[in-house]
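Here, each number is a calculation from the coordinates, and none is a lab measurement. Computed from a predicted structure; not experimentally measured. So basically every Cβ, Gly included, is an ideal-geometry build from the backbone, and we count neighbours across all protein chains shown.
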């Protein structure tokens, strides 16, 4: 093999190698592997051509260029504080935090330059507007409702930027010292009022309970008296029935029984006792003993 043939062979080999290298470069340029957490914005001749999603994608080498690599992960804006005035003219400082993620990178890239700054400015304006519609008490008691209104308003404002607001949080509502002192005085006054109401209700309840107790005692006394009266009436009825059925002897028997019981009671007393009886008492007692003996 001559030198000329050798040079020709080496030249052909070099061309093949250059062709293979060029082919490899073209393939590498035409294949784009996009991570799961990103999207690629592709331009052709300086204009938007396509958006590449996660996975293997193919583009035209040297014509298509990946100009922007956008993360689609959820992001958190730095905590921000802004002053606002409530409807009842109270100055408050609101600490907010916003979370968002990019859904349409082509809108985010070509319609807004500083996404975080734009969202922060939008949130500050919306917070001031919403706070101005509410009194201070409503701001503190209806925080969840306020958060929902802010989130809805922010979503509407950033819709043209291809962004989704996932969460909006109000971290704190701060007041100046004068307002805090006034609220503390109001709180103490409210606590004292509630304490007075509680004491008054306790006294009222005590009076009601005492009245109920007295009424119950009176009802029980009346009930006892009614039972006693019924018993006496029943006894009287029994005596009357006995008199009606047995005549005068039954009445005399009852009188004699009472006389004997009385005499027995006097005789059982302690100490020296003198009993004065009428002249005919002995005859009466004798008759009573006869009747008692006869009754037995």
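Observations, loosely collected:
- Sites residue 216 and residue 142, calculated FRET efficiency, Cβ-Cβ separation with R0 45 Å, nearest 0.05: 0.35
- Each label was represented as a point 7 Å from its Cα along the Cα-to-Cβ direction; for residue 175 and residue 116 these points are 3.4 nm apart.
- Distance (nanometres) between label positions extended 7 Å along Cα→Cβ at residue 187 and residue 232: 6.9
- Difference of contour (0.36 nm per residue) and Cα-Cα distance, residue 103 to residue 205: 30.2 nm
- Put simply, when 213-219, 76-82, 123-129 are sorted by average Cβ atoms within 10 angstrom per residue, most first, you get 123-129, 76-82, 213-219.
- Once the Cα-Cα distance is subtracted from the 0.36 nm per residue extended length, the residue 73 to residue 20 segment shows a gain of 15.2 nm.
- Ordering 96, 121, 198 by the number of other Cβ atoms within 10 Å of each residue's own Cβ, fewest first, gives 198, 121, 96.
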